[in-house]
Amino acid sequence: MAFLSGCAEAEFGAVRDGCQISDSALSKTISVLESASYVTVRKGYVGKRPRTWLSLSSQGRTALSGHLAALQRIAADAAALGSALDGPSPQAAAGS
């Protein structure tokens with residue numbers, strides 16, 4: 001989904017290569033994302049060769065944004081917890 005968020009549409013092979021994933025793994029992932037209405041699949045031809053193009057739906061973009069926001073909150077909470085567990089900084093202790 002992150003790969004597709006950077007473009008309007010991408011050819012299956014470009015997504016596969018960019019994500020460094022096998023055809024079968026990408027196909028399975030796309031099937032799940034398509035059934036969740038996160039990805040749109042368009043099939044066609046370039047010359048006589050069949051091609052598949054993938055795009056992130058507006059629902060998929062919303063879901064990705066929510067997921068990234070949740071990850072940022074988790075990272076911020078972990079950083080805050082780590083700071084609290086470490087105690088006061090040496091600068092704060094010197095000023096006391």
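The values are calculated or read from the model by the stated rules, or taken from the named source; none is laboratory data. This structure is a prediction, so every number in the text was calculated from the model and none was measured. Here Cβ is always computed from backbone atoms with ideal geometry, including for glycine, and neighbour counts include all displayed protein chains.
Listing for the model above:
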{"item": "Tally of residues being of a type in the set (S, T, N, Q) and in contact with a Leu (Cβ under 9 Å, 6 or more places away or on another chain) across the stretch 24-56", "result": "2"}
{"item": "Flag if VAL32 is within 20 Å of CYS7 (Cβ to Cβ) and over 13 Å from the mean Cα position of the chain (by Cα)", "result": "no"}
{"item": "Qualifying residue in the stretch 18-37 (condition: surrounded by fewer than 10 Cβ atoms within 10 Å (Cβ to Cβ), of a type in the set (Ser, Thr, Tyr) and either modelled with pLDDT under 95 or in a helix (DSSP H, G or I) (or both))", "result": "yes"}
{"item": "Qualifying position, being without any contact (Cβ under 8 Å) to a residue 24 or more places away in the chain and at negative phi, among SER27, SER37", "result": "SER27"}
{"item": "Test: residue in the stretch 43-53 that is of a type outside the set (A, V, I, L, M, F, W, C), without any contact (Cβ under 8 Å) to a residue 24 or more places away in the chain, surrounded by 10 or more Cβ atoms within 10 Å (Cβ to Cβ) and under 18 Å from LEU4 (Cβ atoms)", "result": "no"}
{"item": "Conditions (1) of a type in the set (D, E, K, R); (2) loosely packed, with under 12 Cβ neighbours inside 10 Å; (3) at pLDDT 95 or above: number failed by GLU9", "result": "(2)"}
